[in-house]
Every structure is written in C-alpha cells, then in structure tokens.
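Only one structure is covered here, and it is reproduced in the block below.
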Amino acid sequence: MAQRRILIAGGGLAGLITALHLAREGISSTVIEKQCYPFHRVCGEYVSNEVVPYLNRLEAYPDLLRPAQIKRFQLSSTRGDLAELMLDTGGFGISRYCLDQFLYQLAIRRGIQFMLETELTNIHFKGDSFLVDSSAGSHEADLVIAAHGKRSRIDKQLERSFVSRSSPYVGVKYHITLPDFPDDLIALHNFSNGYCGISRVENEIINLCYLTHRDNVRAYGNIRAMEEAVLFRNPFIRDIFNRARFLFEKPETINEISFETKGPVEHHILFCGDAAGMVTPLCGNGMAMAIHAAKLLGERVVRWCREPGYSRAILEKDYAQTWQRRFSKRLWVGRSIQRLFGSDRASRSAVRLARHIKPVANLLVSLTHGKPF
C-alpha cells in the first residue's frame, strides 16, 4: 500500500505526541507549526500522572528535565480561607517551553518532518484528499490532523460554531522564583471572577497562571493595575506577588479562551487536543487530555494506514465516538465545578466542602483526573 501523506497542523503537545506515536509505528507525517521552538505558551503546566505509562512506552517521558513531582492540592477562597487535599493520582510539573522543545528534538531524531514558522490559511477537502494552503505555499495531504490549540484562523475559515460565540476569558501566565514554595504542591487561589494556579515546574521555576474575566482588565485599564486591585484581595496571591522574582519582562497572555463544545471531527479533519475541546484550567489536566487524545487518534490512524477495510468514514466515526466516550464527562465535570470558583460565596463553599466533606471533595478531584493508560 502506498505511503499516506499525513499533515499535522500544530506542533504543540497533541501534534507532537501524535507524530511520535505514528513514527513509532513506521508511519511518516509532516508537522506545520507557526512558531519556532522553543517558545512559551499560556498553560497551567501540570500533567496528571495518568499519562506516565504511555509516555514511558513511547520513550517520551522527560525525566532528564527533572519535572516537579506534585502530590498535594491547596485551595483558597477569595478571602483566603484555606483547605488542602492529597492527590491520589498526583502529577508532574513541567514548562511547555522545555517539554515542547524536548518532544520536538525527539521527533527530529525519529525522522519526523517539520515546517516551522509556517501558518495555515486554508484547508480544502475534495474527492478523497486535502489541499492545504499556508504561508509557505500549497500542500497536498491524504489526512489532516488539526492540533492547533485553543483557537486559530483555521477555526474561522472552517466556520466552526464556537468561533461565533464570544468568550469573556483571558489567560495570563508568569514564571517566577519563590524559594520557600513547596516542591510537591499545586495551589489554586480564587479571586473575584477568576482563579490562579501556582505550582513548580523544572529548575526551581514556578508557574503562575490565572484565568480572569475580561471585564476585570477593562475596569482597571491594564493587567498590573487589575492584579493589584482584584487578585491582591486574596492574601495568598498578594503575598506571592510581593515576594516572588518574576522571570518574564511581561506576562504571556491569551484572549478569547473558549470552553464551548467543539467537535473531534469536522469537514473530514481530525481535531486533537484543545482544538477538539478544552477542559477548564482549574481541572489542571488539559495537557494530560491532549496526550491521551493523541494516543487514541494515533492508534486509529495506524489502522487507517494499514487496514484496507478501515475506511476514512470508519476512522472518523470511530475516533469521534471514542473521543466523546473518554472525554465528554470530564469536560462536563470541569464546566460544572467551575461554578464553585471565582466568587466569594461559591469559593468559600468549595473550601468548606474540601475541609469538612473530604470524601466528596476527593471524588470531585478524581473526576478531573483520568485513569492511567
């Protein structure tokens, strides 16, 4: 059978893991990425340990980077009420700057082709193949995997339904150093109309990433003024900002973060990672979901390449059904739990729940983590 031409749009976590999975099976692909590695992304940078067995099989666990090993979860209300839980599954902290670079270098060594600093502008499906336009020209492909992240111009070109619904969320990320912050802790601190996640990554660096409503920024004119007026009402956040050494000249930001329902298959394109559906950041598991989805997709693409009876139609149906079965509940849980955050009354209720009804709190935490795979 002739070699299939597979194009992966986006070289983030989902795109890189999909390419590595296919390469392990002897299937080549080309990854198109609009930036040049390494670079930062707005991300919580916490990965549930559910992914570790699979990354080990893929020989892609970044142990040489010495990621932080995280076992405890701390939660505070907008006023600073505090609760703490142990994480049964646990996870590891690693920056996207280092992890994506590590996976990219691994992919190069395994023969995966890349087109960097190249942006896709259009995807057409006609007959039984694709014509893809990019800033570097036109490309033909038998299969297109879209792993372009939260939002891209391709979503607009394809008229995906979520694009027409404006999202009010803004994401902001810093890297800081704070010597006395525990190595094994991930903290989630509430403030009015938002919440802030803090945990260690590699090399004694701490990731500080928060989600807020755009009205907060508009009300105070800029991010720093908003932080001092809104985030600092939580004493834990104020203390961290006042004592930390900030490693970025300015924060990484992203607008229009959407938790709307998307779809894993549209226009015969297979979507993966945040492009298929984004879990709320407080679940801390977007990275784990991207890795798991890449595995599920990679397995089915391998069948499509090797089994004549496993047609495009069967591939699309199989992947869509499997994706929904594995992730739809997790996304729903995330959206539901999010209602407990970002307001004074709700966040205080969440802390009381975590303090006094630990079995229920532990159950909610477990629902945001998947089983090892």
Residues of type aspartates and glutamates that LYS150 reaches as a straight line, Cα spacing below 13 Å, ignoring anything fewer than 8 places off in the same chain: GLU256, GLU260, ASP274
Helix 96-109 axis, angle to the chain major axis (alpha carbon atoms, nearest 10°): 20 degrees
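Tell me which chymotrypsin sites (Phe, Trp or Tyr not before Pro) from the stretch 198-289 have a DSSP coil assignment and no more than 15 other beta carbons within 10 Å of their own. Walk me through the numbers before you get to the answer.
Values: sites: TYR210, TYR220, PHE232, PHE236, PHE241, PHE246, PHE248, PHE259, PHE271; in loops: PHE248, PHE259.
Passing sites in the stretch 198-289 are PHE248.
What is the mean projected area of the alpha carbon convex hull for the stretch 84-206, to one decimal in square nanometres?
Values: hull surface 48.0 nm².
For the stretch 84-206, averaging the hull's shadow over all directions gives 12.0 nm².
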Low-density loop positions, GluC sites (Glu not before Pro), the stretch 82-140 - DSSP coil, at most 15 other Cβ in 10 Å: GLU117
C-alpha long axis of helix 312-337 to longest principal axis of the chain, angle in °: 0 degrees
Estimated dipole of the chain in Debye, rounded to 20 [Cβ of Lys and Arg +1, of Asp and Glu -1, Cα centre]: 880 debye
Kirkwood-based shape ratio for the chain, expressed as Rg/Rh from alpha carbons: 0.97
Label point at ILE357 placed 7 Å out along Cα→Cβ; residues across the stretch 63-91 whose backbone nitrogen lies under 17 Å: 83-85
Packing-based order for 191-197, 124-130, using average beta carbon neighbours within 10 Å, highest first: 191-197, 124-130
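Using only alpha carbon pairs under 8 Å that are at least six residues apart, calculate the relative contact order of the stretch 6-367 and give it in whole percent. Intermediate values should be presented prior to the final figure.
Details: 729 pairs, mean separation 84.0, N = 362.
Normalised by residue count, the contact order of the stretch 6-367 is 23 percent.
Is there a pair in LYS34/LYS250; LYS126/LYS329; LYS295/LYS371 whose C-alpha atoms are over 24 Å apart, and which pairs would that be?
LYS126/LYS329
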Beta bridges by DSSP in the chain, antiparallel share as percent, to the nearest 5: 75 percent
Span from the the stretch 1-54 Cα centroid across to the the stretch 88-149 one, whole angstrom: 6 Å
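For the stretch 241-333, which GluC sites (Glu not before Pro) are in a loop by DSSP, counting at most 16 other Cβ atoms within 10 Å? Kindly include the intermediate steps, with their values, before the conclusion.
Values: sites: GLU249, GLU252, GLU256, GLU260, GLU266, GLU299, GLU316; in loops: GLU249, GLU260.
Filter output for the stretch 241-333: GLU249, GLU260.
Computed from the coordinates by the stated procedures, all read-outs in this text should not be read as laboratory data. Please read all numbers here as calculations on a predicted model, not as lab measurements. Positions of Cβ are backbone-derived with ideal geometry, glycine not excepted, and every protein chain shown enters the neighbour counts.
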